[in-house]
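Asker: Quick one: this structure, given as structure tokens, is what I'll be asking you about.
What follows is calculated from the coordinates using simple rules that are stated; it is not laboratory data. What you are looking at is a predicted structure, and each value in this text was computed from that prediction instead of being measured. Methodologically, a virtual Cβ is constructed for each residue, glycine included, from the backbone with ideal geometry; neighbour enumeration extends over all protein chains shown.
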Amino acid sequence: MDISPEKSLDTAARIAAESKSLVILTGAGVSAESGIPTFRGENGLWKNYRPEELATPEAFRNHPALVWEWYNFRKNLISEKSPNPAHYAITELQHLLPDVSLITQNVDSLHNVAGTINLIEMHGNIFRARCTNCGKTMEYRRTEDNSPVCSFCYGALRPDIVWFGEMLDPVIVSKIESVLYHADTMIIAGTSGAVYPAAGYTDYLLRRNKTVIEINTEKSGREAEKYLMLTGKAGDIFPELSRKIKSIKEKEV
Ligand code: BJW
């Protein structure tokens, strides 16, 4: 049976309001309404740039200046952007519900700027760099230099981003595992589910009979008893969800 979008939102709000431990997984679609391009799709970054030429350790080994040029371009673009209503509504959910963790694949820092806590940036952060020699990580906002070096050991710096073929930081992995293990509900938003390991998290929860609510402008086509699709923009749906949860909580007291 097809239920109306409004009914789905009511159902999602009721489920989230009852959640003891909610995990939210976000992707590039959540920052799209801030004016940051997604990776895949019509206007996606990968339409004009090949991932293997820019987002792999081999690319950096072979053409470090080209890779830095691309990251400097994106840093300049991102630093002019602000969080949108989806980012703020997620922070609001953390005030309404007992336990809300956020795992983001985004590297743009916008969840941070919106004040979200319990935040796991699984693919790194574009405003950080890591030394390829001594391994130190540091905040790195400069965008002028296409061959920056470490101020401690003069080794070459690289963006502190997880590229294709690279393992995630084991500390981050164990935090993610713990959050996913304890969650009774997951909201997955603005991600195509094309990249692992994040793409496997939905099934991990569904296999354990937990509820998954997806927010995306495109229907996923996924079918499962405890899976609910909310089709639309994250910047419209998250604030509406938050309003509905607030009203449920107010009626409870
Ligand atoms: C909206 C919207 C709006 C739009 N509102 N929605 C298992 C099987 C096969 C392969 C692998 C596997 N395990 C690992 C791999 C290899 C690889 C991988 O997954 N490859 C796939 C392509 C198949 N994974 C890795 O290499 C990972 N490492 C790893 O697992 O190590 C162990 C290992 C290695 C090798 C082999 C086996 C094991 C690391 C992945 C790192 C990904 N890094 C990137 C690039 C960083 C570069 C940078 O940012 O500068 O991270 S890839 C890129 O994709 C970026 C994103 O975080 C990530 C996910 O993209 P996302 O967020 O989903 O964006 P889009 O554009 O795809 O989707 C946007 C969505 O939003 C769409 O659905 C829209 O409809 C929607 N939308 N507007 C709501 N307003």
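Asker: What residue among SER247, TYR227, THR217 has its Cα farthest toward the positive end of the dipole of the stretch 214-253, where the charges are +1 on Lys, Arg and -1 on Asp, Glu, each on the Cβ?
Answerer: Going by the charge dipole, the pick is SER247.
Asker: Can I ask one more? So how tilted is helix 64-79 from the main axis of the chain? Cα-based, degrees 0 to 90, rounded to 10.
Answerer: 40
Asker: Which value, in debye to the nearest 20, gives the size of the charge dipole of the chain about its Cα centre, when Lys and Arg are +1 and Asp and Glu are -1 at the Cβ?
Answerer: The calculation lands at about 240 debye.
Asker: A follow-up question, please. Compute the acute angle (0 to 90°) between the alpha-carbon long axis of helix 170-182 and the principal axis of greatest extent of the alpha-carbon atoms of the chain; round to the nearest 10°.
Answerer: 0
Asker: Could you give the nm distance between label points at ASP236 and TYR204, where each point is 7 Å from its Cα heading toward the beta carbon?
Answerer: 3.2
Asker: Give me the angle, in degrees from 0 to 90, between the Cα long axis of helix 5-18 and the longest principal axis of the Cα atoms of the chain, rounded to the nearest 10.
Answerer: Here the helix axis deviates by roughly 80 degrees.
Asker: With the dipole of the stretch 59-156 worked out from charges on the C-beta (+1 for Lys and Arg, -1 for Asp and Glu) around the Cα centre, which of VAL100, ILE126, TRP68 lies farthest toward the positive end?
Answerer: Most positive-ward Cα: TRP68.
Asker: On to the next question. How much net charge surrounds LYS210 when only the other residues with a Cβ under 10 Å from the Cβ of LYS210 are counted, with Lys and Arg +1 and Asp and Glu -1?
Answerer: +2
Asker: If a paramagnetic tag sat 7 Å from the Cα of VAL173 along the Cα-Cβ line, which residues of the stretch 186-230 would have the backbone N under 16 Å from that point?
Answerer: 196-201
Asker: Still on this structure, please answer the following. What's the ranking of 149-161, 175-187, 120-132, 219-231 by average number of surrounding C-beta atoms within 10 Å, highest first?
Answerer: 120-132, 175-187, 149-161, 219-231
Asker: Additional query: Antiparallel versus total DSSP beta bridges in the chain: what percent is that, nearest 5?
Answerer: Among the beta bridges of the chain, antiparallel pairing accounts for roughly 25 percent.
Asker: With a/c under 1.5 counting as rounded, go ahead and sort the chain into rounded, prolate or oblate using the C-alpha gyration tensor (a ≥ b ≥ c being the square roots of the eigenvalues; past the cut-off, prolate if a/b is larger than b/c, else oblate).
Answerer: Because a/c hits 1.5 or more and a/b exceeds b/c, the chain counts as prolate.
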